[in-house]
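Notes follow once the structure below has been shown.
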Amino acid sequence: GAEIACGVTETRSKAQRIMAFPVLPPYTKCDLAIQDRFAQLDQGGKVMAEYIWVGGKGELRCKTKTLDAPPKSVDDLPIWNFDGSSTEQAPGEDSEVLLKPCAIYKDPFRPGSPNILVLCDCYKPDPDGPRGLGAPIPTNTRVYANQIMDKVASHEPWFGIEQEYTLFEPDKKTPYGWPKDGEPGPQGPYYCSIGTENAFGRAVVEAHYKACLYAGINLSGINGEVMPGQWEYQVGPCTGIASGDQLLASRYLLIRVCEQYGVVVSFDPKPIPGDWNGAGCHTNVSTKAMRAEGGYDAILKAMERLRAPRQQEGD
């Protein structure tokens, strides 16, 4: 467990290490130092574009496409496709789903060349549609969110999202830093903490922080959370649909960082039952009027509109 994650050296025998996770292949871990030798090779001017999308159960999926040259904008990127029957997004007899690029970020896992991450949304194919795109598939909620953001663009909505998450051992049951089949000391010392006895998994957090900044995501901060093994980062402020795009890209980067460290990340809002802190995704929002002089009145007006209809003033 911990001897694999975050590069911590463990002196236990090989047999003991295998017994620690008897049902969690692969038992042979890939050496990232060997991978790095190949990462330094010249690409001959080619670009590796990692297309990312939301799968049928809200999970993130990805595949890589080779481009002949760096795109000047997202509109230069080609439409691509995938087998939707393998992601629970299309039936087996008509499984093609198209990927439309929406946002580009630098790829921190393939540095040294202009390699990119490409966030996409998903459509049915239609040879008569623009660029061969048909209707958005049911799991493509981004297209509707973008329509709303376009309608309110004159209000310049800013969003700041506080994403909490929990790190787990590969068994997906033991929070990182917790004793096997047990619990750590009660909550209190872990929030915004330091020290080996309090802060579990900081190597993951720091790597993710740097990866996001390199990629071009507006990550505004990090902190340890109330439950041990739990952390938070903040995305924003971002305007309009860029907020959701950057949040998804940041989650992708976190999952990929955890993959390299041999730990698992969970965004479950209540990962551990009992008197242990949950993990939220709090959203802060403001408009141009709210941020202007005298904006408090605009905030109060918005709060009134959020009341239940029968509780609003004048009703």
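The values are calculated or read from the model by the stated rules, or taken from the named source; none is laboratory data. Worth saying up front: this structure is predicted, and the values here are computed from it rather than measured. Here Cβ is always computed from backbone atoms with ideal geometry, including for glycine, and neighbour counts include all displayed protein chains. All accessible areas refer to the heavy atoms of the entire protein, side chains included, with ligands and DNA or RNA removed. Shrake-Rupley method; radii C 1.70, N 1.55, O 1.52, S 1.80 Å.
Residues that are among the hydroxyl-bearing types (Ser, Thr, Tyr), over 29 Å from GLY45 (Cβ atoms), open to solvent by less than 70 Å² (accessible area, probe 1.4 Å) and touching a Lys or Arg at 6+ places or on another chain (Cβ under 9 Å) occur at least once in region 87-96.
On the basis of being at negative phi, open to solvent by less than 50 Å² (accessible area, probe 1.4 Å), aliphatic (A, V, I, L, M) and modelled with pLDDT under 95, does ALA302 make the cut? If you could, list the steps in order and put the result at the bottom.
Values: at negative phi: yes; open to solvent by less than 50 Å² (accessible area, probe 1.4 Å): yes; aliphatic (A, V, I, L, M): yes; modelled with pLDDT under 95: yes.
Answer is yes for this residue.
When region 286-298 is limited to residues that are free of Cβ contacts under 8 Å to residues at least 12 places away in the same chain and surrounded by 14 or more Cβ atoms within 10 Å (Cβ to Cβ), the one that is nearest to VAL152 (Cα to Cα) turns out to be ALA298. Reported count of residues in region 242-275, each being under 13 Å from the mean Cα position of the chain (by Cα) and open to solvent by less than 30 Å² (accessible area, probe 1.4 Å), is 13. Taking the criterion of being of a type in the set (Phe, Trp, Tyr) and either more than 18 Å from PRO108 (Cβ to Cβ) or open to solvent by 10 Å² or more (accessible area, probe 1.4 Å) (or both), the only residue of region 215-235 that qualifies is TRP231. Kindly evaluate TYR190 against the criterion of being outside any loop (DSSP other than H, G, I, E, B) and not aliphatic (A, V, I, L, M). Here the answer is no, as TYR190 does not meet what is asked. Among the conditions (1) in contact with a Lys or Arg (Cβ under 9 Å, 6 or more places away or on another chain); (2) open to solvent by 30 Å² or more (accessible area, probe 1.4 Å); (3) of a type in the set (Asp, Glu), the only one that GLU183 does not satisfy is (1).
In region 105-137, what residues are open to solvent by 60 Å² or more (accessible area, probe 1.4 Å) and either of a type in the set (Gly, Ala, Ser) or closer than 17 Å to PRO78 by Cβ (or both)? Answer for region 105-137, where residues must be open to solvent by 60 Å² or more (accessible area, probe 1.4 Å) and either of a type in the set (Gly, Ala, Ser) or closer than 17 Å to PRO78 by Cβ (or both): GLY112, PRO114, PRO127, PRO130, ARG131.
Within region 264-276, the residues that satisfy the criterion of being assigned to a loop (DSSP other than H, G, I, E, B), closer than 9 Å to THR166 by Cβ and of a type outside the set (A, V, I, L, M, F, W, C) are ASP268, PRO271.
Contact map, region 255-268: residues that are among the polar types (S, T, N, Q) paired with residues that are surrounded by fewer than 20 Cβ atoms within 10 Å (Cβ to Cβ) and not in a strand (DSSP E or B), Cβ distance under 9 Å, separation 6+ or inter-chain. Pairs shown: GLN260/LEU32; GLN260/PHE109; GLN260/ALA207; SER266/LYS172.
Over 16 Å from ALA279 (Cβ atoms) and buried (at least 21 other Cβ atoms within 10 Å of the Cβ): which single residue out of CYS238, CYS212 fits that description?
Result: CYS212 is the single residue among CYS238, CYS212 that is over 16 Å from ALA279 (Cβ atoms) and buried (at least 21 other Cβ atoms within 10 Å of the Cβ).
Identify all residues within region 41-89 that are in contact (Cβ under 8 Å) with a residue 60 or more places away in the chain, under 17 Å from ALA249 (Cα atoms) and in a strand (DSSP E or B); write none if there are none. Across region 41-89, the qualifying residues are MET48, ALA49, GLU50, TYR51, ILE52, TRP53, VAL54, LEU60, CYS62. Of all residues assigned to region 143-159, at least one qualifies as being of a type in the set (A, V, I, L, M), more than 25 Å from LYS65 (Cα to Cα), assigned to a loop (DSSP other than H, G, I, E, B) and at pLDDT 95 or above.
Taken together, the residues in region 108-142 that are assigned to a strand (DSSP E or B) and over 30 Å from GLU225 (Cβ atoms) amount to 12. Of the residues ARG310, ARG202, the single one that is at pLDDT below 95 and of a type in the set (D, E, K, R) is ARG310. Checking each residue in region 138-157 for being open to solvent by 40 Å² or more (accessible area, probe 1.4 Å) and small (Gly, Ala, Ser) picks out ALA153, SER154.
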